[in-house]
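The values are calculated or read from the model by the stated rules, or taken from the named source; none is laboratory data. Small disclaimer: the values here were computed from a predicted structure and weren't measured. We place every Cβ from the backbone using ideal geometry, glycine too, and count neighbours over all the protein chains shown. With ligands, DNA and RNA removed, areas are computed over all heavy atoms of the protein, side chains included. Shrake-Rupley method; radii C 1.70, N 1.55, O 1.52, S 1.80 Å.
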Amino acid sequence: MYKYVINGGHVLRGSVAVSGFKNAADGILPAAIMCGEPLRIENIPCIRDVLLWFDIFREMGVSVKTLNAHAFEIDASSVYTGNPPFEHMRNMRASYYLLGAMLSRFGRALVSLPGGCDFGDRPIDQHIKAFEAMGATIEVKGGVITAETEDGKLHGAHIYFDVITVGGTINAMLGATLAEGTTVLENCAREPHIVDVANFLNSMGADIRGAGTNVIKIRGVKKLHSCSYAIIPDQIEAGTYMVFAAATGGDLTVTGVIPKHLESITVKLRETGVTVEEFDDAVRVTRTGKLRRANVKTQEYPGFPTDMQPQFAAMLCLADRTSTVTESIFDSRFKYTSELKRMGARIHVDGKVATIEPAGELTGAVVRACDLRAGAAMIVAGLVARGTTEIEDIVYVERGYEDIVGKLRAVGADISRVKVDPPAGALSAI
Ligand code: EPZ
C-alpha cells in the first residue's frame, strides 16, 4: 500500500506530456479481441486499468506482446471463453465492454457485473436494452451477466437510448460491428473516445458512420482484419494538469493534446481569470492574478466533463467569491467534498449542487482518494495547501493517471509516493 505525500505551495512551471486516453483504451482494448489477427495498438497509457485488461486477456488466452512502453501487439486469434476471469472484471467498470465484443464475435458472453468508481447507482439497463434489441437473451444472476443468441449472431436493430450513455453507446457499437445487417443507434453520446473506438474498429474493416454525433449507423461486416492504431491523447488527464497549473498560479504547457477536446475546460478556466493559450497540439496555462469564482455545470460532451468536476471544485475553494458546481450526470459525485473539508474547504452540498465559499487557504491533512477523479482533486488541494498533505488509497488515482508523481515533480511539485506502514498492532501475515 502506498500514499502520496505533498508539501504544498510550489508553483508548477514547465511542460508536461499527456498520455493516451484511459477511457479510449478501456473501449479499444476489449474491441481488439473481436479481431482474429494480430494487431498493433500504440499510445496505450501505462495505468492500472490497462494492466487489468492485460490480466483479463491472458486469462482468456489472448496474447499481449510488448513492443515498447506504450505499444503492444494483441493477438486474439484464439480466445478461451470457458472460464471468464470474473475477479478481474469486477475490478473495473469498463469490463462490461466484453459483452459487446464477445457477443459480436462469438454470439455469446459471460461477464461479471462491472465494478468501477462509486458515484451512486450506475445501471447498465441501456446496454442490455441494446443487446436484446439485437437479438441477445440476457440473464443477470449472482453478479454475472449471461448473454446468448439463437443463431450465434447478433442482428441489426434500430435503438434509441433513453439516456445519453458513453458506455452504452460504445458497447452497442461493438455488438453491431459483426452483427448480421445494419444497426442505427440514436441519442448517442458524442465523447471523443467514442469517435476513437469507432475509428479503431473502422481501421479493422468495420463500417461505422456518425460517431461523435447523436446518430451512429453500423453496417455489420463478416470479420475484422489486422491494423495498427494509435490512441488519442487523454482529454481528462490534460484537463487535470491545466487545473493543477491554474490552482498553483503556475505557467504550464500541456503537450500532445487535441485542443478542441479541451474547449469546455479552457472556456471555464478563462472565466476564472486564468490565461489559456492554444497551439496545434498543446495548451499553455498561466495564472498571475487572483482566481475568480465560476459556476460549473457538468454536461455530456461537448459540455463540461463530469470527470473534471472534482478537480475544478477543489480549485474553486481558492476563488475570491462563492462558486457553484452542479453535477448533472451522476447521482452522487460529491463524496470527495468531505475530504476537502478536512483541509479547510467550505463546501455545502445540496443534492446535485455544491456551493463553494472562499476558503482563503487550505491546510495540509491526511485524506483519502474516494475514487479516480476525487483522488486528482485531493492532489489539487495538496499542491496549494499550506503544509503537508498525505493522500491514501492512491490505487484509484493510478488506475487513470500515468506516472503522476514523476510528471508533477518534473514541473516543480514536492510530491512523493511513500509506502504505508501497516497500522501498529495490525495482525502480521500468518
Ligand atoms: C464513462 O462511464 C466513463 N468511464 C466515466 O469516466 C465517465 O464519467 C462517464 O462515461 C461519463 O462521461 C469509462 O469510459 C470507462 P455513462 P459510463 O454510461 O459509461 C446513466 C473516469 O473518471 N446510465 O455515460 O459508466 C448513468 O447512471 C470515469 O474516467 C444509465 O442510466 O457512464 C449515468 O447517470 C468515471 N443506464 C449516466 O447514464 C445505463 O445503461 C452516464 O453514464 C448506462 C448509464
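Tabulated data
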{"quantity": "Qualifying residue in segment 127-145 (condition: of a type in the set (D, E) and in contact (Cβ under 8 Å) with a residue 24 or more places away in the chain)", "calculated": "no"}
{"quantity": "Filter pass, A206 being among the small types (G, A, S) and within 16 Å of the ligand (Cβ to nearest atom)", "calculated": "no"}
{"quantity": "Residue satisfying all of: in segment 89-104; surrounded by fewer than 23 Cβ atoms within 10 Å (Cβ to Cβ) and within 13 Å of the ligand (Cβ to nearest atom); nearest to L178 (Cα to Cα) among these", "calculated": "R93"}
{"quantity": "Cβ-Cβ under 9 Å pairs, at least 6 apart or on other chains, segment 407-425 side open to solvent by 40 Å² or more (accessible area, probe 1.4 Å), far side of a type in the set (S, T, N, Q) and at pLDDT below 90", "calculated": "P422/S428"}
{"quantity": "Leading residue by the ranking (farthest from the ligand (Cβ to nearest atom)) among those in segment 287-328 that are surrounded by fewer than 22 Cβ atoms within 10 Å (Cβ to Cβ) and farther than 20 Å from V276 by Cβ", "calculated": "R321"}
{"quantity": "Selection status of G107, assigned by TED's automatic domain parsing to the domain that holds I164, open to solvent by less than 10 Å² (accessible area, probe 1.4 Å) and not aromatic (F, W, Y)", "calculated": "yes"}
{"quantity": "Residue match in segment 118-138 (condition: modelled with pLDDT of 95 or more and more than 16 Å from the ligand (Cβ to nearest atom))", "calculated": "yes"}
